[in-house]
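For reference, the structure discussed in these notes is given below.
The values are calculated or read from the model by the stated rules, or taken from the named source; none is laboratory data. Values in this document were obtained by computation on a predicted structure and should not be read as measured data. Every residue, glycine as well, gets a Cβ built from its backbone with ideal geometry; the counts of neighbours run over all protein chains shown.
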């Protein structure tokens, strides 16, 4: 199991997707991508908890469900294991959307907090055979985030505000895990 961590907008989803795509193109369906984003709490639950304005912060994910899925992927691949997805156009997790078939030899998972040393997130690193950290200059990363937020419906002002007020504190926290990575990938 390969984990790819990094701050919001650093390029971890792009790297993970390209890696899995190239492996499948060359060797067949022996790799699968299971993003952490499928474990976002549903918007209705974030609203109930008063956390909707901080979506993407560590306490807006079902970390225990994510850990349980990674454990299943290590031990139960004699039958298909289903993982949730997070389609950005819905902005909601979608259960059972990613089938991980028997015969998959490499699971690539990506997310912000894979290298976080704070409980319960600290339990993730032990489940990864290898961990990569993707980093990118903040100016480029923030520009990407603003463009992403605009593409999914926020005004330019709302997008910049979200990138700086919500995403940046998460990015600062994610950066503390860099030293726990086996490999640092720069500029994806």
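Specify the residue that is surrounded by the fewest Cβ atoms within 10 Å (Cβ to Cβ); the eligible residues are those in the range 70-86 that are without any contact (Cβ under 8 Å) to a residue 24 or more places away in the chain and touching a strand residue (DSSP E or B) at 6+ places or on another chain (Cβ under 6 Å).
80
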Only one of these is modelled with pLDDT of 95 or more and farther than 23 Å from residue 162 by Cβ: 50, 28, 6. Name it. 28
Matching entry among 51, 72 (being closer than 28 Å to residue 143 by Cα and over 16 Å from the mean Cα position of the chain (by Cα)): 51
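Just to be sure before I move on: is residue 58 within 21 Å of residue 142 (Cα to Cα) and free of Cβ contacts under 8 Å to residues at least 24 places away in the same chain in the structure I sent? First the steps, then the outcome.
Working: within 21 Å of residue 142 (Cα to Cα): yes; free of Cβ contacts under 8 Å to residues at least 24 places away in the same chain: no.
Spelling it out, it is not the case that residue 58 is within 21 Å of residue 142 (Cα to Cα) and free of Cβ contacts under 8 Å to residues at least 24 places away in the same chain.
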Of all residues in the range 108-120, which are more than 13 Å from the chain's Cα centre (by Cα) and touching a residue at least 24 places away in the same chain (Cβ under 8 Å)? 117, 118, 120
